[in-house]
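Heads up, the thing below is written out as structure tokens.
The numbers here are math on the coordinates, done by the rules we state, and not lab data. Computed from a predicted model, the values in this text were never measured in an experiment. Reconstructed Cβ throughout: ideal geometry from the backbone, glycine too, with neighbour counts over all protein chains shown.
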Amino acid sequence: MQQGTGASETEVTWEDQQNINKFGRLNNRFHELEDEIKFAKEAIDNLEDASNELILTDEEVVRFQIGEVFAHVPKEEVETRIEEMKEVSSNNLEKLEEEKESVVAQMAELKKVLYGKFKDSINLEED
């Protein structure tokens, strides 16, 4: 987000500066959300893998990690916990994706406003 030195300098008002700052904050949040979404998808994949491994095992009691410790837990309880964890993770992923859509929409609106006023004197695209 830099302002060029075009031949026709457009005055940057306080409101314009607020919009530019807001765009910057939204852009930062957009990148945070992309990372969080990637992490959430990986967590769901890992839970899915664990669930599949449980199906294959003949053991009635399995090792289950709780924090930093592994505990011996009945297989059925582990299956239930994993399903609950997958549900929580899926709901979290859904919220993150909804927030990302909202951020993208807000950024698009700000781009219209800022490009409408500053034309080529401002760059809001990533290189």
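Summary of computed values
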read-out	value
Per-residue [θ]222 nm for the chain (sum of -39500 (n - 2.57) over DSSP H runs n ≥ 4, rounded to 500)	-25500 deg cm²/dmol
Debye, to nearest 20: dipole size of the chain, +1 on Lys, Arg Cβ, -1 on Asp, Glu Cβ	820
Extension gain, Gln106 back to Leu54 (0.36 nm per residue minus Cα-Cα distance, nm)	14.4 nm
Cα long-axis angle, helix 75-118 against the chain (0 to 90 degrees, to the nearest 10)	0
GNM top mover of Ile20, Ile66, Ile82 - the chain, alpha-carbon springs below 10 Å	Ile66
Stokes-Einstein translational diffusion, the chain - Kirkwood Rh over all Cα pairs, 0.692 mPa s, 37 °C, in µm²/s	180
Added length on full extension, which subtracts the Cα-Cα distance from 0.36 nm per residue, Glu79 to Glu32	13.8 nm
